[in-house]
Amino acid sequence: MARGGPKLDDARRRELASAFEAGGAHYERVRPGYPAEAVAWLVPEGAETAVDLGAGTGKFTGLLTRQGLEVTAVDPSADMLAELGRRYPGVHCVVAPAESTGLPDRCADLVVAAQAWHWFDAEAATREAVRLLRPGGRAGLVWNQLDTAVPWVHRLSRIMHAGDVHKPDYHPPSGPELTGWESAVIRWEDPITPEGIVDLTKSRSYYLRADARHRAKVESNLAWYLFEHLGHSPGEVLALPYLTQVWRAVPSAA
């Protein structure tokens, strides 16, 4: 059961997710990566293959390939996968939803979703992940989120409408086919300019789905907060604190 996370009904979830059907190059340029420790914690010993669900432009896919895994990237956006394929030509890309990938049974030692699971039908995606896993395989879920325990970041997250910031007791939803959940939290900082924070905001689902008036209000509030209230200069490199939350589980029948 999900606890402490954002509450979206199915229609709203699909509406927001549709914002990412295009804009792959911008998403790749402005979104942060992930700490390598997250991959090391997720990958089972002896693993050779992985399926990256909701892979987007390959922010997490690249880390999987650097672990020596043969990776299949799955995403419903051809635009996002085109950017992924440009950066990682050795990765097999499949345009498909996470709930129905069309991939063969038992084809992966690891099935992972990074910054994407909340866009899926959790029960259907759970069944699909378990179908794809080989014996001894593992499912993994990963989220980057702003470290809102830092006061200035907490206020920034509200201005950005970073609604996917999880509460401390959050547990991702899943079907009963996955069990033995374990979690880890990795703290790190991403170097970014104030202008980069504005661009990051423009890649978020709230901004992408907002009308021109709401977009202008968000940009104005950000400019005031970053330059006037916090006193940063254009081009100044800031250390933006993040938490990377990672969960792993195994098929219940394993």
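The values are calculated or read from the model by the stated rules, or taken from the named source; none is laboratory data. What you see is a predicted model, and the numbers here were worked out from it, not measured in a lab. So basically every Cβ, Gly included, is an ideal-geometry build from the backbone, and we count neighbours across all protein chains shown. Each accessible area value is taken on the protein alone, full model and side chains, heavy atoms only, with ligands, DNA and RNA left out. Shrake-Rupley method; radii C 1.70, N 1.55, O 1.52, S 1.80 Å.
Observations, loosely collected:
Residues checked against (1) open to solvent by 60 Å² or more (accessible area, probe 1.4 Å); (2) touching a helix residue (DSSP H, G or I) at 6+ places or on another chain (Cβ under 9 Å); (3) closer than 19 Å to Leu141 by Cβ; (4) modelled with pLDDT of 95 or more:
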| residue | (1), (2), (3), (4) |
| --- | --- |
| Gly56 | no, yes, yes, no |
| Lys59 | no, yes, yes, no |
| Leu63 | no, yes, yes, yes |
| Asp79 | yes, yes, no, no |
| Ala82 | yes, yes, no, no |
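- Ala114 open to solvent by less than 50 Å² (accessible area, probe 1.4 Å), modelled with pLDDT of 95 or more and farther than 22 Å from Tyr207 by Cβ: no
- Qualifying positions in the stretch 147-161 - open to solvent by less than 20 Å² (accessible area, probe 1.4 Å) and among the small types (Gly, Ala, Ser): Ser157
- When we screen His232, His166 for residues that are surrounded by 13 or more Cβ atoms within 10 Å (Cβ to Cβ), touching a residue at least 60 places away in the same chain (Cβ under 8 Å) and either touching a Lys or Arg at 6+ places or on another chain (Cβ under 6 Å) or assigned to a loop (DSSP other than H, G, I, E, B) (or both), the only hit is His166.
- Matching residues, the stretch 193-205, being open to solvent by 30 Å² or more (accessible area, probe 1.4 Å) and closer than 19 Å to Ala114 by Cα: Arg204
- Where Asp190 falls short, out of the listed (1) acidic (Asp, Glu); (2) open to solvent by less than 40 Å² (accessible area, probe 1.4 Å); (3) in a loop (DSSP other than H, G, I, E, B): (3)
- In the stretch 169-187, the residues that are of a type outside the set (S, T, N, Q), part of a loop (DSSP other than H, G, I, E, B) and surrounded by 15 or more Cβ atoms within 10 Å (Cβ to Cβ): Tyr170, Pro172, Pro173, Gly175, Glu177
- Being modelled with pLDDT under 90 and in contact with a strand residue (DSSP E or B) (Cβ under 7 Å, 6 or more places away or on another chain) is a property that holds for Val165.
To keep it simple, each residue is scored yes or no on (1) among the basic types (Lys, Arg); (2) touching a His at 6+ places or on another chain (Cβ under 6 Å).
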| site | (1), (2) |
| --- | --- |
| Arg187 | yes, no |
| Tyr206 | no, yes |
| Ala210 | no, no |
| Glu228 | no, no |
| Gly231 | no, no |
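- Single unsatisfied condition, Ser220 versus (1) touching a helix residue (DSSP H, G or I) at 6+ places or on another chain (Cβ under 6 Å); (2) at pLDDT 95 or above; (3) in a helix (DSSP H, G or I): (1)
- When the stretch 168-198 is filtered for residues that are farther than 16 Å from Ala122 by Cα and modelled with pLDDT under 90, the ones remaining, listed by number, are Pro168, Asp169.
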